[in-house]
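A.B. asks: Handing you a structure now.
The values are calculated or read from the model by the stated rules, or taken from the named source; none is laboratory data. None of the values given here were measured: they were computed from a predicted structure. Glycine gets a Cβ as well: all are built from the backbone with ideal geometry, and neighbour counts include every protein chain shown. Accessible surface areas use protein heavy atoms only, side chains included; no ligands, DNA or RNA. Shrake-Rupley method; radii C 1.70, N 1.55, O 1.52, S 1.80 Å.
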Amino acid sequence: SSITSIQITSVASAGAQNVGDGSYITVWGTNPAPATADVITVDSLEAKKHLMVQVKTFTSGGNTKPAMRFNNDSGSNYATRDSQDGGTDATETSVAEIRLSQDGHGGTVGAFALNINVINDASKEKLVTAHTVRSNATGDGTAPARYEIVSKWANTSNAITRVDIINEGTGDFAEGSEVTVYGTD
């Protein structure tokens, strides 16, 4: 059977910090994309204070531009600051998603790998940090691109219980694309 949680314990010694009682990490599972898809959803999540989302996407039939939404909220409730390859920051406010790559850099054909961390307190804005790597062209003749993203979801009424990775490009997420969500208190 699959691993669904990991319990962390400590052995106390002089000067050592103890791990709090009941500390654990929940692995909610993954949702692999079908052969071609524009949305990958992981839902029915238990509300946890800290989330980590790992995403890998592959491209089929054009370019892909991954973005993220929480709890199926497509309203103008997100704000983002990002940069590509250490360049100048770009900002977006009152937008309908968190863009996980910048647009104005040619085609975005290739694989993406993303690590996303979220503070998920129901009564506060959800703060997000994300690191994205895009493969660019295949082979060793082209260096990958990197994106650093900080964002927030302005919702102060609900904890995140659903994560959607959406494609804003002309292609599709190819088979093998996947979203994994981890959570802990």
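A.B. asks: When you go through Leu100, Leu127 one by one, which is the residue that is open to solvent by 50 Å² or more (accessible area, probe 1.4 Å) and aliphatic (A, V, I, L, M)? Steps first, please.
C.D. replies: Values: Leu100 fails: open to solvent by 50 Å² or more (accessible area, probe 1.4 Å).
None of the other options fit; the residue is Leu127.
A.B. asks: Moving to a separate point now. Can you name the condition, by its number, that Met68 falls short on among (1) under 15 Å from the mean Cα position of the chain (by Cα); (2) modelled with pLDDT of 95 or more; (3) open to solvent by 20 Å² or more (accessible area, probe 1.4 Å); (4) under 12 Å from Glu168 (Cα atoms)?
C.D. replies: Here Met68 clears every test but (3).
A.B. asks: From the residues in the stretch 96-108 that are among the hydrophobic types (A, V, I, L, M, F, W, C) and assigned to a loop (DSSP other than H, G, I, E, B), which one is modelled with the lowest pLDDT?
C.D. replies: The residue in question is Leu100.
A.B. asks: Scan the stretch 120-142 and tell me whether some residue there is touching a residue at least 60 places away in the same chain (Cβ under 8 Å) and farther than 20 Å from Phe70 by Cα.
C.D. replies: No, because not a single residue in the stretch 120-142 is touching a residue at least 60 places away in the same chain (Cβ under 8 Å) and farther than 20 Å from Phe70 by Cα.
A.B. asks: Tell me which residues, restricted to the stretch 72-95, are assigned to a loop (DSSP other than H, G, I, E, B), in contact with a strand residue (DSSP E or B) (Cβ under 7 Å, 6 or more places away or on another chain), surrounded by fewer than 17 Cβ atoms within 10 Å (Cβ to Cβ) and at pLDDT 90 or above.
C.D. replies: If the condition is that a residue be assigned to a loop (DSSP other than H, G, I, E, B), in contact with a strand residue (DSSP E or B) (Cβ under 7 Å, 6 or more places away or on another chain), surrounded by fewer than 17 Cβ atoms within 10 Å (Cβ to Cβ) and at pLDDT 90 or above, then Asn72, Ser76, Asp89 are the ones that fit.
A.B. asks: Still on this structure: For the stretch 152-169, how many residues are open to solvent by 10 Å² or more (accessible area, probe 1.4 Å), within 14 Å of Tyr78 (Cα to Cα) and in contact with a strand residue (DSSP E or B) (Cβ under 6 Å, 6 or more places away or on another chain)?
C.D. replies: First, the residues of the stretch 152-169 that are open to solvent by 10 Å² or more (accessible area, probe 1.4 Å): 152, 154-159, 161-162, 166-169.
If we keep only those that are within 14 Å of Tyr78 (Cα to Cα) too, we end up with 152, 154-156.
Those left that are additionally in contact with a strand residue (DSSP E or B) (Cβ under 6 Å, 6 or more places away or on another chain): 152.
Matching residues across the stretch 152-169 total 1.
A.B. asks: Quick check on the stretch 46-59. Is at least one of its residues in contact with a strand residue (DSSP E or B) (Cβ under 6 Å, 6 or more places away or on another chain), at pLDDT below 90 and acidic (Asp, Glu)?
C.D. replies: No: the stretch 46-59 contains no residue that is in contact with a strand residue (DSSP E or B) (Cβ under 6 Å, 6 or more places away or on another chain), at pLDDT below 90 and acidic (Asp, Glu).
A.B. asks: What is the number of the single condition among (1) out of contact with any Gly (no Cβ under 8 Å at 6 or more places or on another chain); (2) open to solvent by less than 60 Å² (accessible area, probe 1.4 Å); (3) aliphatic (A, V, I, L, M); (4) modelled with pLDDT of 90 or more that Ala16 does not meet?
C.D. replies: (4)
A.B. asks: A further question on this structure: Does Thr30 fit the bill of being polar (S, T, N, Q), in a strand (DSSP E or B), modelled with pLDDT of 60 or more and open to solvent by 30 Å² or more (accessible area, probe 1.4 Å)?
C.D. replies: Here the answer is yes, as Thr30 does meet what is asked.
A.B. asks: Let me ask you something else. Which of the following residues is open to solvent by less than 70 Å² (accessible area, probe 1.4 Å) and at pLDDT below 95: Ala122, Ala111?
C.D. replies: The match here is Ala111.
A.B. asks: In addition: Looking at the stretch 130-140, which of its residues are exposed (fewer than 15 other Cβ atoms within 10 Å of the Cβ) and not β-branched (Val, Ile, Thr)?
C.D. replies: Those that are exposed (fewer than 15 other Cβ atoms within 10 Å of the Cβ) and not β-branched (Val, Ile, Thr): His131, Ala137, Gly139, Asp140.
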